[in-house]
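I have placed the structure first, in the form of structure tokens, so that the comments after it can refer back to it.
The values are calculated or read from the model by the stated rules, or taken from the named source; none is laboratory data. Keep in mind the model is a prediction, meaning the values are calculated, not measured. Here the Cβ positions follow ideal geometry from the backbone for every residue, glycine too, while neighbour counts run over all protein chains shown.
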Amino acid sequence: MYKFLAFLLFALVTITDGIICVSNLVPDQIRLAFAGDNGVSVGWHTYACPFSSKNPNPNPTVIYGLSPKALYSTSINANSSAYDTRNILKTSWFYSVELPNLYPSTVYYYQILSSSYVSTSAILSFISAPAVGDQSRTVNIATYADMGVDGLVEDIITGKHLFERALGALQKILSSVDFFLHHGDICYADDLVSGVFKTYEEAFDYCQTMMTNITSSRFYMTTVGNHEINCTNAPILNDLCSSDHKNQIPYSNRFHMPSKQSGGYLNSWYSFNYGFVHVISLSCESDFPNAPSGNLIDTITQVNWLKNDLTAVNRVVTPWVIVQCHRPWKGSIPLDDIIEGGFINCPSCQAAFEKILVEYNVDIYLTGHVHWYERICLNGTINTTNYVNPNGPVYLTNGVIGNPEAPNQVLASLRCWILLMPYLLSTGIRTWPY
Ligand SMILES: [Fe+2]
């Protein structure tokens, strides 16, 4: 009798799963990243069946090829993961696969295959990276930090949809962009007001879903910001931040950067090549002495990795070296200004990284965190028109693309090294010149 009841229950759950799930499980949040010199990572997200935490796609697979009608190759190194998203109605699952051994500078088509209750994706496409060292054409990189979803209150106060406006601006330039560098604070899922009107996961899911058109056609390379490392941006909500929203667990599940191929760690630090450019992505949140957000491993592994990675760069092959990290240490803001419980500038980042970047002649250091745009030369030297072989990295801060927080006050008149501030403040309304 008990066996029969158990069987009946199992059958009911299975049938219920089937009935509910047949309705609408789709791969979404599709995103591309480099995976070594000849590889591409395809990542995506799917909700599990309602009231179930079971992986709806246990064998994630992408097929790809040189024509939309000839997707003959199959992905490798599949990965599925989930974490406590605190939503019993729909557990999130995150997937990644790799497309290896691609021809350089070639249009590829790809499609995520269906599985159980999950449908196939549309057939999408990307252009693979040029061969390492290829200097036959320019490389166009879209770079920024600090983009995220608005909360309801922000919409009322500041006008509608800064995030959506930022996406619209990116969409306009998409055809001319080779890849994106997003230097942290990726979706603002943990901001106070967003937290009130959207849960952390809802905000992150909405943000990434809205970005799919961009991230499924261009490589979207991220680094961790303070809004990704811990769910603690709003101190009042610290105690509500679950253990699975700390230690960059959502960020580690939702993105797949090439740390494995470059000897790095998670999505925290890694590097890749694109033609004649070598890009290094660092964590300005963790893993160096006095790091603002503590350590995931220790205080020396990332710093040693950075030295080793730079030592291995052949500047004849990749003469340009670009570093992205979330926090600046040079800029017009006073060094001791404090927001969000910490220094705006990051003296501990400077102590850990600056000497190394100067020693190895890094060309550009890209950051955000501060909500404006400025770029400077080493030691504040005014160099408004000439960036040919400056005597140190050009420090470029761009954290003003669009997010629910206010732009920071720029003290332009106090400093001489600001070159450009492409935003306006008028009548108390935040506006951006898109
Ligand atoms: Fe930040």
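Could you please give the count of residues in segment 278-309 that are in a helix (DSSP H, G or I) and closer than 17 Å to GLY225 by Cβ?
1
Go through segment 121-169 and count every residue that is at pLDDT 95 or above, assigned to a loop (DSSP other than H, G, I, E, B) and closer than 24 Å to PHE94 by Cα.
Final tally of qualifying residues: 4.
Go through segment 53-105 and report how many residues are part of a loop (DSSP other than H, G, I, E, B) and within 28 Å of ASP178 (Cα to Cα).
Result for segment 53-105: 14.
If you scan segment 207-228, which residues turn out to be assigned to a loop (DSSP other than H, G, I, E, B), within 16 Å of the ligand (Cβ to nearest atom) and under 25 Å from ASN38 (Cα atoms)?
THR223, VAL224 - these are the residues of segment 207-228 that are assigned to a loop (DSSP other than H, G, I, E, B), within 16 Å of the ligand (Cβ to nearest atom) and under 25 Å from ASN38 (Cα atoms).
Determine whether segment 98-116 contains at least one residue that is buried (at least 17 other Cβ atoms within 10 Å of the Cβ) and at pLDDT below 90.
Scanning segment 98-116 turns up at least one residue that is buried (at least 17 other Cβ atoms within 10 Å of the Cβ) and at pLDDT below 90.
Any idea which residue in segment 354-370 is surrounded by the most Cβ atoms within 10 Å (Cβ to Cβ), counting only those that are within 16 Å of the ligand (Cβ to nearest atom) and of a type in the set (A, V, I, L, M, F, W, C)?
Step by step, filter segment 354-370, then rank; the result is LEU366.
Can you tell which of SER293, SER283 is within 16 Å of the ligand (Cβ to nearest atom), buried (at least 19 other Cβ atoms within 10 Å of the Cβ) and within 26 Å of ASN361 (Cα to Cα)?
SER283
What number of residues within segment 235-248 satisfy the criterion of being among the hydrophobic types (A, V, I, L, M, F, W, C) and either within 13 Å of the ligand (Cβ to nearest atom) or modelled with pLDDT of 65 or more (or both)?
Residues meeting the conditions: 2.
What are the pairs, 6+ residues apart or on separate chains, where a residue within segment 391-411 that is part of a loop (DSSP other than H, G, I, E, B) and within 16 Å of the ligand (Cβ to nearest atom) has its Cβ under 7 Å from a residue that is at pLDDT 80 or above and among the hydroxyl-bearing types (Ser, Thr, Tyr)?
Partner pairs satisfying both residue conditions: ILE401/TYR144; ASN403/TYR188; PRO404/TYR188.
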